[in-house]
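The values are calculated or read from the model by the stated rules, or taken from the named source; none is laboratory data. Nothing here was measured: the structure is a model prediction, and the numbers come from that model. Quick reminder, even Gly has a Cβ in these numbers, built from the backbone with ideal geometry, and neighbours come from all protein chains shown.
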Amino acid sequence: MNAPRGRIFNLQRFSLHDGPGIRTTVFFKGCPLDCAWCHNPESRSPEVSGAAGREVSVDEVLSAAERDRPFYETSGGGVTFSGGEPLAQPEFLLACLLACRAEGLPTALDTCGFAPEGVLLAAAALSDVVLYDLKALDDRVHVQATGVSNVSILENLEALARSGASIWLRMPIVPTVNDGALDMVRAAALARDLPGVERVCLLPYHALGVDKALRLGQKPRFGPVASPSQETLDALAAPFREAGLAVQIGG
C-alpha cells in the first residue's frame with residue numbers, strides 16, 4: 001500500500017509558540033471552522049494552489065524533524081502538527097505520528113477538536129501533548145464566530161481528558177467576541193474539573209490575518225482591532241490562577 005501524502009501550507013522550523021521548547025511545526029491545509037479572525041486564512045481551503053500549499057510525504061516531514069532533533073534534546077521541544085486542522089487529514093496525520101514515535105521524536109497535536117471522537121483519541125494516543133483550542137464556551141457565540149457549534153468540541157474535550165492525555169487548553173482572546181470576565185470564569189471552572197489540563201494558554205488577538213487575507217485577494221471579515229493590553233490579559237488570567245491552574249500568555 002502506498003504511504004499517504006498530505007497537504008500542508010507551511011513547515012516551520014525553530015518555532016517557539018506551538019508547544020514546549022523549540023518546535024518543528026507542520027501546518028496542515030483545510031479547516032472545518034471558519035473563524036472570523038483567522039490568522040491563517042491560507043489554511044482554510046483543503047486544496048493546494050499556487051498561492052498556498054503543497055503536497056508532502058511522511059518521509060519529508062520526518063527528514064525535517066530529524067534535522068532539528070538536537071534542538072529538541074536541548075529545549076524539550078519536538079514536532080507539532082497544526083493547521084488548519086490536522087485531524088481533517090487523519091490518515092496522513094496518524095502516519096506522521098507513528099513515524100515520529102518510531103524514531104523517538106516528541107510530538108504535539110494542535111487541534112480545534114471538531115472531528116470524530118475516535119480520530120481525536122487515536123491521534124492523541126500518539127502525541128505527547130494535545131494543544132486543544134477552545135474558541136468560545138457560549139454555543140451561540142461559537143456558531144457566530146466560527147460557523148459551527150461547540151457541542152461536539154466540548155464533548156471531545158471531556159473524552160480527551162478521560163483518556164489520560166496531557167492537555168494544554170488554548171484560548172484566543174478576541175476583543176468583542178470572547179474577552180468577557182464571565183467567559184474566563186466559566187472556562188476556568190471547566191478547565192479546573194478536567195483531568196490532564198496541564199496549563200491554559202491565552203492567545204491575544206493580532207491582526208496578522210487581515211494582511212494575509214488581503215494578499216490572498218480575500219475580504220477580511222474581522223478587525224483590525226487593537227490587541228488586548230497586558231493589563232487586560234492579566235485580569236483575564238486571574239480566574240485560572242485562582243482555580244490553581246498554570247497560565248501563560250501566548251504559546
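Descriptive notes on the structure:
- Scanning the range 12-35 for residues that are touching a strand residue (DSSP E or B) at 6+ places or on another chain (Cβ under 9 Å), modelled with pLDDT of 95 or more and either surrounded by fewer than 19 Cβ atoms within 10 Å (Cβ to Cβ) or among the polar types (S, T, N, Q) (or both) turns up GLY21, THR24, THR25.
Per-residue answers, yes or no, for (1) polar (S, T, N, Q); (2) exposed (fewer than 15 other Cβ atoms within 10 Å of the Cβ); (3) modelled with pLDDT of 95 or more:
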{"residue": "TRP37", "(1), (2), (3)": "no, no, no"}
{"residue": "SER43", "(1), (2), (3)": "yes, no, no"}
{"residue": "GLY50", "(1), (2), (3)": "no, yes, no"}
{"residue": "PHE81", "(1), (2), (3)": "no, no, yes"}
{"residue": "LEU87", "(1), (2), (3)": "no, no, yes"}
{"residue": "LEU94", "(1), (2), (3)": "no, no, yes"}
{"residue": "ALA102", "(1), (2), (3)": "no, yes, yes"}
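- Listed conditions (1) closer than 27 Å to ALA108 by Cα; (2) among the hydrophobic types (A, V, I, L, M, F, W, C); (3) not in a helix (DSSP H, G or I) are all met by MET184, apart from (3).
- Screening the range 77-97 for residues that are in a loop (DSSP other than H, G, I, E, B) and in contact with a helix residue (DSSP H, G or I) (Cβ under 9 Å, 6 or more places away or on another chain) and picking the one that is farthest from THR111 (Cα to Cα) gives GLY77.
- Filter result for LEU137 (buried (at least 16 other Cβ atoms within 10 Å of the Cβ) and over 21 Å from THR25 (Cβ atoms)): yes
- Residues that are among the small types (Gly, Ala, Ser) and loosely packed, with under 15 Cβ neighbours inside 10 Å were ranked within the range 104-119; the one that is nearest to GLY251 (Cα to Cα) is GLY104.
- Residue among ALA64, ALA88 that alone is within 13 Å of GLY6 (Cα to Cα) and small (Gly, Ala, Ser): ALA88
- The range 10-56: number of residues that are among the β-branched types (Val, Ile, Thr) and either over 25 Å from GLN248 (Cα atoms) or in a loop (DSSP other than H, G, I, E, B) (or both): 3
- Among the residues making up the range 163-187, those that are in contact (Cβ under 8 Å) with a residue 12 or more places away in the chain and out of contact with any strand residue (DSSP E or B) (no Cβ under 8 Å at 6 or more places or on another chain) are SER163, GLY164, VAL174, PRO175, THR176, VAL177, ALA181, ASP183, MET184, VAL185, ARG186.
- From the options LEU120, LEU160, residue that is touching a residue at least 40 places away in the same chain (Cβ under 8 Å) and either farther than 20 Å from LEU203 by Cβ or part of a loop (DSSP other than H, G, I, E, B) (or both): LEU120
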